[in-house]
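Values in this text are rule-based calculations from the coordinates and carry no lab data. Quantities reported herein were computed from a predicted structural model and do not represent experimental measurements. Virtual Cβ from ideal backbone geometry, glycine too; neighbours counted across all protein chains shown.
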Amino acid sequence: MRFVSVVSVPVSDQQRAKRFYVEQLGLDVIAEAPFGDELRWIQVGIPGAETSLTLVNWFDEMPAGSLRGLVIDCEDLDTDYRTLVERGVPFIGPPEPQPGGIFAILVDPDGNRISLRQAGS
């Protein structure tokens with residue numbers, strides 16, 4: 001094994017989620033294409049990163065908004081936090097020290113929670 005390549009993010013509306021992840025979070029669209037008969041494969045990612053996200057709505061056992069525990073590292077969490085707040089990204093609260101670093105949890109339109117982390121104490 002080498003690395004995690006794709007993480008599925010369960011969403012209810014793929015186009016709305018794509019707008020959020022691209023326009024508000026600043027991710028790039030890596031791929032968008034028909035997937036099966038009536039589905040779409042929408043893959044977004046942080047520029048230059050090996051791991052990307054696919055915005056899925058086809059797993060019954062992964063309801064929209066159920067994602068927890070995804071952590072994205074930041075070099076300067078305070079700056080990223082302020083930038084994202086200015087873009088209208090909702091957070092549960094401001095960055096706070098936790099075991100493993102400083103964290104801020106953002107919430108996507110479906111209620112998925114993604115932690116931003118700056119390593120350190």
Backbone HN-Hα couplings from phi across region 29-36 [Karplus 6.51/-1.76/1.60, Hz, Gly and Pro as x]: 7, 8, 7, 8, 7, x, 9, x
What percent antiparallel are the DSSP beta bridges of the chain, to the nearest 5? 70
Tell me whether the chain comes out rounded, prolate or oblate; compute the Cα gyration tensor, take square roots of the eigenvalues as a ≥ b ≥ c, and use a/c under 1.5 as the rounded threshold. prolate
Let me spell out the model: positive unit charges on the Cβ of Lys and Arg, negative unit charges on the Cβ of Asp and Glu, origin at the Cα centre of region 66-121. What dipole size does that give, in debye rounded to 20? 200
Working from Cα positions, state the angle (0 to 90°, nearest 10) between the long axis of helix 77-86 and the longest principal axis of the chain. 60
Sticking with the crude label model, points 7 Å out along Cα→Cβ, report the distance from residue 35 to residue 12 in nm, one decimal please. 1.9
Label points 7 Å out from Cα along the Cβ direction at residue 71 and residue 59: separation in nm? 2.0
About its Cα centre, region 5-46 carries a charge dipole, from +1 on Lys and Arg Cβ atoms and -1 on Asp and Glu Cβ atoms, whose size in debye to the nearest 20 is 120
Tell me, what ³J(HN,Hα) does each residue in region 19-26 have, in order and in whole Hz, if you take phi through Karplus 6.51 cos²θ - 1.76 cosθ + 1.60 with θ = phi - 60° and put x for Gly and Pro? 4, 4, 5, 8, 6, 9, 7, x
For residue 41, list long-range residues whose amide hydrogen, built 1.01 Å from N in the peptide plane, is under 5 Å from its own amide hydrogen. 33, 35
